[in-house]
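Trainee: Sharing a structure here in structure tokens format.
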Amino acid sequence: MKMLNVTINGITTKVREGTTVMEAAAELGIDIPALCYLKGVNEVGSCRICVVEVKGARTLQASCVLPVSEGMEVQTESPSVVTARKEILKLILANHPNDCLTCNKAGECKLQEYAYRYGVKFEEHQGKRKELGIDTSNPYIYRDNDKCILCGRCVSMCAKVPERSVLAFGNRGFETTVIADNNKTMGESDCVSCARCISVCPVGALMDSRAMNIGRIWELQRENVKCAACESGCDFELIKKNGKVVAVRALAAGEGRPLCLKGRLTVDLTYNDNPKAPLVKKDGEFVEATWAEALGLEKILGKM
Ligand code: FES
């Protein structure tokens with residue numbers, strides 16, 4: 001394998017031919033922000049938050065899709081790079097709900113992370129705003145299209161699910177949005193709730209409905225587990241509150257391996273605290289009951 005010399009922020013290293021500038025920087029411990037990029041899933045270079053300055057290049061370059069060339073010299077946080085990133089963040093925030101205080105993604109949102117990193121705040125915006133609303137028609141997927149930054153990760157990930165491609169870009173220009181099955185709700189669409197889209201969304205546009213309002217991520221305990229449904233052994237994370245599993249979520253989707261619905265359901269059923277006995281409603285409250293009671297068989301069984 002041919003090796004190439006590259007200098008990033010003054011540090012020279014050797015990388016394999018075909019390595020991108022973003023990957024080379026990561027090998028040196030240099031973090032370049034990324035919103036649309038997800039290795040093996042979405043490598044389209046569309047959001048431009050990852051731009052870097054390359055010596056001799058006329059414009060800033062998207063590092064996520066830029067292969068290293070021999071002797072390349074790169075700056076990842078030069079004044080022009082920082083200015084560009086701030087402008088990109090300002091443009092995104094101009095059409096993004098200002099509700100980090102109550103958003104369930106706070107603490108894990110990439111947009112929030114980068115706005116903090118570059119000191120970009122919400123500003124009064126006089127122009128047109130998108131008002132697409134929240135879709136809660138799918139019991140597992142909470143979809144807030146007003147928070148969508150059109151990175152395309154969910155669209156690319158959904159396209160990897162055999163016979164799905166439920167999510168796609170719809171409309172044009174300012175009206176561009178992510179739609180499900182030619183503009184149906186998620187509940188009406190052919191979505192099978194595999195939740196891969198949730199695992200790759202960098203912002204609060206797609207979230208686990210069952211994990212809404214259970215607490216801030218820093219208040220919850222997290223534990224990594226492997227799925228045992230097949231030999232792939234995909235990585236999942238159990239989210240616990242006071243020792244009780246309150247959510248299960250996929251971790252490995254960003255590493256090119258498409259997680260399956262079978263795996264998610266298997267882990268869900270294995271670890272989620274399911275009731276130990278059937279529940280029946282009495283005086284407006286769910287209480288534990290016997291199976292005979294739950295199935296209305298008490299009288300029949302009593303006569304036997
Ligand atoms: Fe590189 Fe979006 S992360 S263009």
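Trainee: Could you give the accessible area per residue of segment 68-196, probe 1.4 Å, as a whole number in Å²?
Mentor: Ligands and nucleic acids excluded, the figure is 55 Å² per residue.
Trainee: Mind checking the angle between helix 79-93 and the chain's longest principal axis? C-alpha axes, 0 to 90 degrees, to the nearest 10.
Mentor: Tilt relative to the chain: about 30 degrees.
Trainee: Determine the equivalent ellipsoid of the chain by diagonalising the alpha-carbon gyration tensor, then write out the semi-axes as square roots of 5 times the eigenvalues, largest first, rounded to whole Å.
Mentor: With the √(5λ) rule applied to the chain, the semi-axes are 43, 23, 18 Å.
Trainee: Explain nothing, just the number: dipole magnitude of the chain about its Cα centre with +1 on each Lys and Arg Cβ and -1 on each Asp and Glu Cβ, in debye rounded to the nearest 20.
Mentor: With Lys and Arg at +1 and Asp and Glu at -1, about 80 debye.
Trainee: Here's another thing I want to ask about it. Round to a whole number: what % of the accessible area of segment 1-130 belongs to carbon and sulfur, probe 1.4 Å?
Mentor: Carbon and sulfur: 52 percent of the exposed surface of segment 1-130.
Trainee: On to the next question. In whole Hz and in residue order, list the ³J(HN,Hα) couplings for segment 163-172 that follow from phi through the Karplus curve 6.51 cos²θ - 1.76 cosθ + 1.60, θ = phi - 60°; x for Gly and Pro.
Mentor: Running phi through 6.51 cos²θ - 1.76 cosθ + 1.60 with θ = phi - 60° gives 6, 10, 6, 6, 8, 7, 7, x, 6, 9 Hz.
Trainee: While we're on this one: Please turn the phi angles of segment 139-148 into ³J(HN,Hα) values with the Karplus equation 6.51 cos²θ - 1.76 cosθ + 1.60 (θ = phi - 60°), one per residue in order, whole Hz, x for glycine and proline.
Mentor: Once θ is set to phi - 60°, the couplings for segment 139-148 become x, 9, 10, 9, 10, 10, 5, 5, 8, 5 Hz.
Trainee: Hey, another quick one. Whole-Hz Karplus ³J(HN,Hα) for segment 60-67, in order, using 6.51 cos²θ - 1.76 cosθ + 1.60 and θ = phi - 60°, x for Gly and Pro?
Mentor: Listing the rounded values in order: 5, 10, 6, 5, 6, 10, 9, x Hz.
Trainee: Can I ask one more? Counting alpha carbon pairs within less than 8 Å and at least 6 residues apart, what relative contact order, in whole percent, applies to the chain?
Mentor: Relative contact order here is 13 percent.
Trainee: Let me ask something else about it. I'd like the antiparallel share, as a percent to the nearest 5, of DSSP beta bridges with both residues in the chain.
Mentor: That works out to approximately 95 percent antiparallel.
Trainee: Amide H of residue 225 versus every other amide H placed in the peptide plane: which residues, excluding those fewer than 5 positions away on the same chain, fall under 5 Å?
Mentor: 236, 237, 238
Trainee: Arrange the peptides 162-173, 66-77 so that the one whose residues have, on average, the most other Cβ atoms within 10 Å appears first.
Mentor: Top to bottom by mean Cβ count within 10 Å: 66-77, 162-173.
Trainee: Going down the list 160/241; 262/282; 39/244; 14/110; 2/39, which pairs span over 24 Å between their C-alpha atoms?
Mentor: With Cα atoms farther than 24 Å apart: 160/241; 262/282; 39/244; 14/110.
The values are calculated or read from the model by the stated rules, or taken from the named source; none is laboratory data. Only a predicted model underlies this, so the values are computations on that prediction, with no experimental measurement involved. Note: ideal-geometry Cβ built from the backbone for every residue, glycine included; neighbour counts use all protein chains shown. Please note that ligands, DNA and RNA were not included when accessible areas were found on the heavy atoms of the full protein model with its side chains. Shrake-Rupley method; radii C 1.70, N 1.55, O 1.52, S 1.80 Å.
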